[in-house]
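Visitor: Submitted below is the structure of interest, expressed as structure tokens.
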Amino acid sequence: MRLGLLLIAVAIFTFVLLSLSPIDPVQAYIGADMMQISADQQALIAERWGLDQPFWNRFLDWLGQILQGNLGVSLVFNRPVSEVIAARFQASLQMLAIAWLLSGLLGLALGTLAGAVAGSWIDRVIRLYAYTLAAAPTFWVALLLLIVFAVSWRIAPVCCAAPPGVLSQNVTVWQHLHHLLLPAMTLSIIGIANITLHTRQKLIEVLHSDYVLFALAQGENLWNIVRYHGLRNILLPAITLQFASLSELFGGSVLVEQVFAYPGLGEATVQGALRSDVPLLVGIVFFSALFVYIGNTLADLAYPIIDPRIRLGGQMNR
Amino acid sequence: MTSTIDPAVNLEAKTSSSLQQNPSRTSRRSRTLAAIVLGTLFLGAIIFSPWILGESGLSTVLTQRNQPPTWSHPFGTDWLGRDMLMRSLHGLSLSLRIGLLAASISAFIGTSLGLAAGTFGGWVDAVIIWIVDVFFSLPHLVLLILIAFSVGGGTRGVIIAVALTHWTNLARIIRAEVLQVNSADYIHLSRQFGKSSLWIARHHMMPHIVPQLIVGLILLFPHAILHEAALSFIGIGLSPHLPAVGIILAESMRHLSTGYWWLGVMPGLLLLLSVKAFDWVGENLRILLAPKTSQE
């Protein structure tokens with residue numbers, strides 16, 4: 001229900017935006033052959049597409065097609081948009097998943113460490129690292145890693161998802177991982193900053209609480225306090241944050257795939273925008289909204305599993 | 001790109017570290033002021049550098065092609081023998097100016113909508129909150145690309161896209177502030193004493209909103225600049241004739257595999273430093289302006 005409302009809102013927003021734009025759909029469709037097509041024929045195309053219809057008619061017509069699952073045909077790839085998105089997302093998904101898991105686990109570990117020894121030099125180093133990465137341009141970090149690992153040390157490939165000249169069905173799992181790893185590493189390095197700082201802050205709050213003071217008075221050592229009191233309280237906000245970061249992750253993948261020339265969904269987004277492929281772009285906008293929505297929903301579903309207070313509280317209300 | 005750190009966390013971090021060091025009141029205040037002045041000077045120097053330094057070093061010198069960084073060329077030279085430090089300064093100045101313009105428009109939109117939502121309430125509030133929700137439901141970069149594309153790209157496209165997508169956080173903060181102040185006891189008292197809405201807005205609201213607005217605006221700049229650079233980098237932003245820092249970095253991509261690392265590393269480092277400078281100025285201004293910390 002909420003998803004339906006959201007997608008309709010995104011549809012209205014996208015449609016209004018694109019119908020306000022100065023881009024002529026007929027011209028975008030024909031492209032370089034514009035000179036060879038007479039004004040009459042252009043008018044015919046416009047009529048065939050219903051461009052002479054009033055705004056609401058066009059919108060309802062378009063919405064009807066979308067609801068039937070018809071996202072149109074991509075001009076760049078010359079295939080149905082849904083197929084292009086499915087294929088490209090499969091390529092991106094593994095990269096996104098590795099980056100998401102790595103940044104979540106590393107961020108949680110670094111944040112816990114920094115929070116436990118707050119004020120020490122370890123904390124300062126971790127904070128400096130997180131603040132610096134939060135301010136660093138994603139594509140520049142990708143460039144740096146490319147220079148170090150691919151150009152100087154030559155242990156990672158310079159581009160693409162497979163070695164040049166190898167057909168996609170002949171790519172081995174290792175070759176695939178080899179090409180996947182550096183983009184995924186870039187994304188996770190950048191994703192760490194936010195979760196580290198939040199986790200650190202949360203742990204400091206917990207360590208200043210009365211129950212931790214009590215545990216300390218009973219002679220409990222720091223690591224047991226972090227383990228039994230800290231982690232349980234940190235985990236929930238960290239998971240919310242990590243699921244909410246799917247939106248950032250998707251944006252980051254657009255830039256990272258551009259730097260590594262990795263043929264995923266992010267690279268398709270750039271192609272769609274650069275080559276005026278409106279159907280593809282609209283399809284990706286819908287898909288990314290769905291992606292972000294699923295992230296938020298998963299976070300909601302994860303709460304009761306992790307936090308017994310929410311689970312038991314819900315049962316008591318029933 | 002990922003500099004979406006909750007301002008509260010930043011603030012907490014600053015205050016907790018200040019408590020641990022426990023400096024005297026004057027030194028804390030003057031340190032904060034010094035940070036603001038230094039940061040502003042650094043950013044001002046970058047923005048005005050094209051007018052101060054002129055066009056020197058930008059001409060083609062084919063005998064000095066592809067030189068790694070030396071004392072005479074701290075950032076090295078490019079494939080046409082142009083000084084990379086000069087190119088980076090020119091490009092960054094352009095990017096900063098575009099970012100400043102777009103962020104200011106965005107702050108204006110955010111403040112207006114935040115004030116409207118907080119003051120009028122009812123359906124106005126509902127509509128504005130709904131728009132904010134729609135904006136948050138799409139990845140920011142996808143939204144930027146969509147808007148920049150649909151207004152036709154170019155410099156204008158970047159400015160519109162960045163201006164239209166950065167107001168949401170500020171609008172939420174200002175709305176929350178208005179709602180909070182509005183429900184405070186002293187506002188009710190003020191009403192009971194017969195003060196007009198305008199008087200209340202001027203004397204009770206403004207002191208709360210203005211610091212939020214100034215800090216919010218300054219903390220918007222880094223986001224705006226990074227997004228401008230990102231859009232230019234992927235080729236949807238400024239045209240290649242205007243060498244903004246995103247364009248310079250995109251160009252450097254073509255020369256990376258030949259080992260000319262300084263073409264990409266150095267301009268990016270300068271961009272990183274200016275983004276940090278904006279963050280620094282913003283955080284210190286917040287400490288100075290926020291009622292809770294301004295007396296420390």
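Visitor: With a 10 Å Cβ neighbour count serving as the proxy for reagent exposure, in which order, fewest first, do A:140, A:121, A:100 appear?
Guide: Ascending Cβ contact count within 10 Å gives the list A:121, A:100, A:140.
Visitor: With N set to the number of residues, divide the alpha-carbon radius of gyration of the stretch B:189-296 by 2.2 N^0.38 Å and report two decimals.
Guide: In units of the globular-protein estimate, the stretch B:189-296 measures up at 1.67.
Visitor: Return the ratio Rg/(2.2 N^0.38 Å) for the stretch B:100-161, where Rg is computed over Cα atoms only.
Guide: Here the answer is 1.27, to two decimals.
Visitor: OK, next. Once you have all Cα-Cα distances for the stretch A:208-318, histogram them in 5 Å bins from zero and send the whole-percent values.
Guide: 2, 10, 14, 13, 12, 11, 10, 8, 7, 6, 4, 2, 1, 0
Visitor: If one computes the Cα centroid of the stretch B:230-296 and of the stretch A:42-96, what distance in Å separates the two points?
Guide: 36
Visitor: Additional query: For chain A, take every pair of Cα atoms, bin their distances at 10 Å starting from 0, and report each bin as a whole percent.
Guide: The percentages, shortest bin first, are 5, 20, 25, 22, 16, 8, 3, 1, 0.
Visitor: Would you be so kind as to identify which of A:201, A:117, B:109 lies farthest towards the positive end of the dipole of the protein assembly as shown, taking Lys and Arg as +1 and Asp and Glu as -1 on Cβ and the Cα centre as origin?
Guide: A:117
Visitor: Give the value in nm², to one decimal: projected area of the alpha carbon convex hull of the stretch B:81-184, averaged over all directions.
Guide: Averaging across all directions leaves 8.5 nm² for the Cα convex hull.
Visitor: Then there's this: When the scattering of the stretch A:80-159 is computed by the Debye formula from its Cα atoms alone, each counted once and equally, what is log10 I(q)/I(0) at q = 0.17 Å⁻¹?
Guide: Each listed q corresponds, in turn, to -0.94.
Visitor: OK, next. For the protein assembly as shown, what is the calculated [θ] at 222 nm in deg cm²/dmol (nearest 500), taking -39500 (n - 2.57) for each run of four or more DSSP H residues and dividing by its residue count?
Guide: Taken over the protein assembly as shown, the calculation gives -24000 deg cm²/dmol.
Visitor: Turning to a different aspect of this structure: Assuming 1.306 mPa s and 10 °C, estimate D for chain B with Stokes-Einstein, Rh taken as the Kirkwood radius over Cα pairs, in µm²/s.
Guide: The diffusion coefficient I find is 75 µm²/s.
Visitor: Among B:244, B:184, B:229, which one shows the biggest mean-square fluctuation in a GNM of chain B, springs joining Cα atoms closer than 10 Å?
Guide: Ranking B:244, B:184, B:229 by mean-square fluctuation puts B:184 first.
Visitor: Can I ask one more? So who's got an amide H within less than 5 Å of the one on residue A:73, skipping anything under 5 residues away but keeping other chains? H placed 1.01 Å off N, in plane.
Guide: When sequence neighbours closer than 5 places are left aside, the close amide H contacts are A:81.
Visitor: In µm²/s, what is D for the protein assembly as shown at 37 °C and 0.692 mPa s, where D = kT/(6 pi eta Rh) by Stokes-Einstein and Rh is the Kirkwood radius from Cα pairs?
Guide: Rounded to a whole number, D works out at 124 µm²/s.
Visitor: Summing +1 for each Lys or Arg and -1 for each Asp or Glu, what net charge is found among the other residues whose Cβ lies under 14 Å from the Cβ of residue A:266?
Guide: -2
Visitor: Calculate one ³J(HN,Hα) per residue across the stretch A:253-267 by plugging θ = phi - 60° into the Karplus curve 6.51 cos²θ - 1.76 cosθ + 1.60, and present them in order as whole Hz with x for glycine and proline.
Guide: Listing the rounded values in order: 5, 4, 6, 5, 5, 5, 5, 8, 6, 8, x, x, 5, x, 5 Hz.
Visitor: Follow-up. Which residue, B:246, B:259, B:118, has the most motion in a Gaussian network model of chain B that connects Cα atoms within less than 10 Å?
Guide: With Cα springs under 10 Å in chain B, the top fluctuation among B:246, B:259, B:118 is at B:259.
Visitor: With +1 assigned to the C-beta of every Lys and Arg and -1 to the C-beta of every Asp and Glu, and no other charges, what is the dipole magnitude of chain B about the Cα centre in debye, to the nearest 20?
Guide: So the dipole magnitude of chain B works out to roughly 540 debye.
Visitor: Against the globular-protein guess of 2.2 N^0.38 Å, express the Cα radius of gyration of the stretch A:108-147 as a ratio, rounded to two decimals.
Guide: Taking N as the residue count of the stretch A:108-147, the ratio is 1.39.
Visitor: Relative to the Cα centre, what is the charge dipole magnitude of the stretch A:146-277, using +1 at the beta carbon of each Lys and Arg, -1 at the beta carbon of each Asp and Glu, and rounding to the nearest 20 debye?
Guide: It comes to approximately 200 debye.
Visitor: Over all distinct alpha-carbon pairs, what is the Kirkwood Rh of the stretch A:27-150 in angstrom?
Guide: 20.3
Visitor: When the Karplus curve 6.51 cos²θ - 1.76 cosθ + 1.60 is applied with θ = phi - 60°, which whole-Hz ³J(HN,Hα) does each residue of the stretch A:190-202 get, with x for Gly and Pro?
Guide: 3J(HN,Hα) across the stretch A:190-202, in whole Hz: 6, x, 5, 3, 4, 5, 4, 5, 5, 4, 4, 4, 5.
Visitor: How large is the translational diffusion coefficient of the stretch B:128-219 in µm² per second when you combine the Kirkwood radius over alpha carbon pairs with Stokes-Einstein at 25 °C and 0.890 mPa s?
Guide: Calculated translational D: 158 µm²/s.
Visitor: How many percent of all Cα-Cα pairs in the stretch B:144-192 sit more than 15 Å apart?
Guide: Summing the P(r) of the stretch B:144-192 above 15 Å gives 60 percent of all pairs.
Visitor: How do A:293, A:303, A:262, A:211 rank when sorted from fewest to most other Cβ atoms within 10 Å of their own Cβ?
Guide: In increasing order of surrounding Cβ atoms, one gets A:211, A:303, A:293, A:262.
Visitor: Follow-up. In debye, nearest 20, what is the charge dipole magnitude of the protein assembly as shown about its Cα centre with +1 on Lys and Arg Cβ and -1 on Asp and Glu Cβ, if you could check?
Guide: 1380
Visitor: Hey, another quick one. Residue farthest toward the positive end of the dipole of chain B, with Cβ of Lys/Arg at +1 and Asp/Glu at -1: which of B:46, B:188, B:168?
Guide: Value computed over the given set: B:188.
Read-outs: derived from the displayed coordinates by stated rules, not from any lab. Everything numeric here is computed off the predicted structure, so don't read it as measured data. When we count neighbours, we look across all protein chains shown, and the Cβ atoms used for this are built from the backbone with ideal geometry, even at glycine.
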